[in-house]
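Here's the structure, in structure tokens; my notes come after.
The values are calculated or read from the model by the stated rules, or taken from the named source; none is laboratory data. Worth saying up front: this structure is predicted, and the values here are computed from it rather than measured. Cβ atoms come from the backbone with ideal geometry, glycine included; neighbour counts cover every protein chain shown.
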Amino acid sequence: LAPVPTGLAWSALFAARVRGLPRPGRPHTGAVRFDFRPGRTDPATLPIAELQGAWQRAIGRLRAHGNDFDPLGHAPLRAAIARALAGRGIAKGADEVLVTSGAQQALDLVARALVDPGDAVAIEDPGWFLAAGAFRAAGAQLVGVGVDDEGVRVDELARVLRSRRVKLAYVTPSVQSPTGVALSAPRREALLDLADRAQMPIVEDDYDCELRAPAPAQPALRALDAGDRVVYLGTFSKALFPGLRIGYLVGAPALLRTLATLRTVATFQPSLVDQLALAELLARDSLERHVRRVRKRYAERGRALAAALAAHMPEGVRFRAPQGGSAIWVELPPVLDAAALAAAAAERGIAYGAGETFRVDRDGPPALLLSFATAAPDAIEAGVAELAALVRRQLARSRPALPARPASRRTP
């Protein structure tokens, strides 16, 4: 008899680099009544007519540019990005700009180019979990560095550097992911000084910078860096829509050439049509006008979410009023069962980001990441009221009833 074929055990063949990677988030399968999920934008804000015009003009230029290939990205778009960043002292010219398929590809390229298996990489904790995934996939040993009201704890990083070599540090100084705090001016200077003494590159992810209201109060680390040690990442997906996979990396030209060569092993430059269209939007200031409108709307919604949290959440719930971005990090009392709360919220159609996703290598209180990007102020109020009732119910199962004092609101 012929042997019965069996399925291949793919999991036994996986390389070490893919074990323990963050799994893609499962889509919310039930009806969503109150959408607080992070990483989303409001489709109602999109300037559809301007986008249609930009993409139509881009398609009309394909006969002239359809065979163009620049390993660094479409030259007019790189020049437009450099001009947009020049006012903040981030880029001097197009030769310092690499166009990428979103900021995540930029992270992956940096990780694969700079990290050898076993290298230590410092990352904020809590921090952006897909950055942690990119560095883990490159074989890095992650070193979580705490975050407080002034941003990443540079003193903690200094203590780490006294006992081991750290290959690079990854930070989100303008709008820390996920807490939303901005890195203070003294800590920016201290971090750059530490990097200089340790000969350690810094990866500065400015993913949500444009959505700060008002505009960034502190200069970017790259603008303060005299040693070309800071690699700066940005994206267009937060200002427009997540499906637009166009980002950029600003750094030393020698680094960019190596990253561009590394990218060709797996893929080439991002969609040329999208690059042509974005160059059109930047040249006509359409994107800047759109960002100003979104920034104003998000500021209003951020205030509405902070007010609703302060009004409805019970004692022991802590959050910071948003300094920018599109979400608020909410810490819950340690006794609360986060998994039970998530299940109850899903049953009621309340969707949000789970705090444990952002933990790197240290424990912390249960937390929620609540986005205010897609919800109108009245929906924010109603959704938070229902969520707060669920929080109280879960807490009541863990300890005696709480007094009806408002949530603790931290101010920066």
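A few remarks follow.
- Residues that are closer than 17 Å to L46 by Cα and without any contact (Cβ under 8 Å) to a residue 24 or more places away in the chain do occur in region 242-250, at least one of them.
- For region 330-350, the condition of being touching a residue at least 12 places away in the same chain (Cβ under 8 Å), in contact with a Phe, Trp or Tyr (Cβ under 6 Å, 6 or more places away or on another chain) and either surrounded by fewer than 20 Cβ atoms within 10 Å (Cβ to Cβ) or not in a helix (DSSP H, G or I) (or both) holds for at least one residue.
- Screening G133, G127, G144 for residues that are in contact with a Phe, Trp or Tyr (Cβ under 8 Å, 6 or more places away or on another chain) and under 20 Å from W329 (Cβ atoms) leaves exactly one candidate, G127.
Okay, residues lined up against (1) surrounded by 22 or more Cβ atoms within 10 Å (Cβ to Cβ); (2) in contact with a strand residue (DSSP E or B) (Cβ under 6 Å, 6 or more places away or on another chain); (3) not assigned by TED's automatic domain parsing to the domain that holds W329:
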| position | (1), (2), (3) |
| --- | --- |
| V175 | yes, no, yes |
| P178 | yes, yes, yes |
| V181 | yes, yes, yes |
| A185 | no, no, yes |
| A223 | no, no, yes |
| D228 | no, no, yes |
| V231 | yes, yes, yes |
| T235 | yes, yes, yes |
| K238 | yes, no, yes |
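- Test: residue in region 265-274 that is farther than 30 Å from Q56 by Cα and surrounded by fewer than 23 Cβ atoms within 10 Å (Cβ to Cβ): yes
- Count of residues meeting criterion [more than 18 Å from F236 (Cβ to Cβ) and either in contact (Cβ under 8 Å) with a residue 60 or more places away in the chain or in a helix (DSSP H, G or I) (or both)] in region 50-69: 11
- Matching entry among A310, A226, A266, A299 (being out of contact with any helix residue (DSSP H, G or I) (no Cβ under 8 Å at 6 or more places or on another chain), part of a helix (DSSP H, G or I) and at pLDDT below 95): A299
- Residue pairs meeting the criteria (Cβ under 8 Å; at least 6 apart or on separate chains; first on the phi > 0 side of the Ramachandran plot and surrounded by 22 or more Cβ atoms within 10 Å (Cβ to Cβ), in region 112-138; second charged (D, E, K, R) and modelled with pLDDT under 95): none
- G20 being modelled with pLDDT under 90 and on the phi > 0 side of the Ramachandran plot: yes
- Restricting region 152-173 to residues that are outside any loop (DSSP other than H, G, I, E, B) and of a type in the set (S, T, Y) leaves a set whose member that is surrounded by the fewest Cβ atoms within 10 Å (Cβ to Cβ) is S163.
- Tally, over region 269-288, of residues that are acidic (D, E) and part of a loop (DSSP other than H, G, I, E, B): 1
- Of the set (1) more than 30 Å from D155 (Cα to Cα); (2) assigned by TED's automatic domain parsing to the domain that holds V250; (3) not aliphatic (A, V, I, L, M), all apply to R33 but (2).
- Filtered residues of region 361-389 (kept if closer than 28 Å to D148 by Cβ and either modelled with pLDDT of 95 or more or buried (at least 22 other Cβ atoms within 10 Å of the Cβ) (or both)): P366, A367, L368, L369, L370, S371, F372, A373, I380, V384, L387, A388
- Per this entry, L107 is counted among residues that are touching a Phe, Trp or Tyr at 6+ places or on another chain (Cβ under 9 Å) and assigned by TED's automatic domain parsing to the domain that holds G247.
- Look at region 1-25: where a residue is under 24 Å from G127 (Cβ atoms) and in the same structural domain as E356 (by TED's automatic domain parsing), no partner that is in a loop (DSSP other than H, G, I, E, B) and modelled with pLDDT under 80 sits 6+ places away or on another chain with Cβ atoms under 6 Å.
- Leading residue by the ranking (modelled with the highest pLDDT) among those in region 206-223 that are within 12 Å of the chain's Cα centre (by Cα) and in a loop (DSSP other than H, G, I, E, B): D206
- Filter result for A91 (among the aliphatic types (A, V, I, L, M), part of a loop (DSSP other than H, G, I, E, B) and at pLDDT below 95): yes
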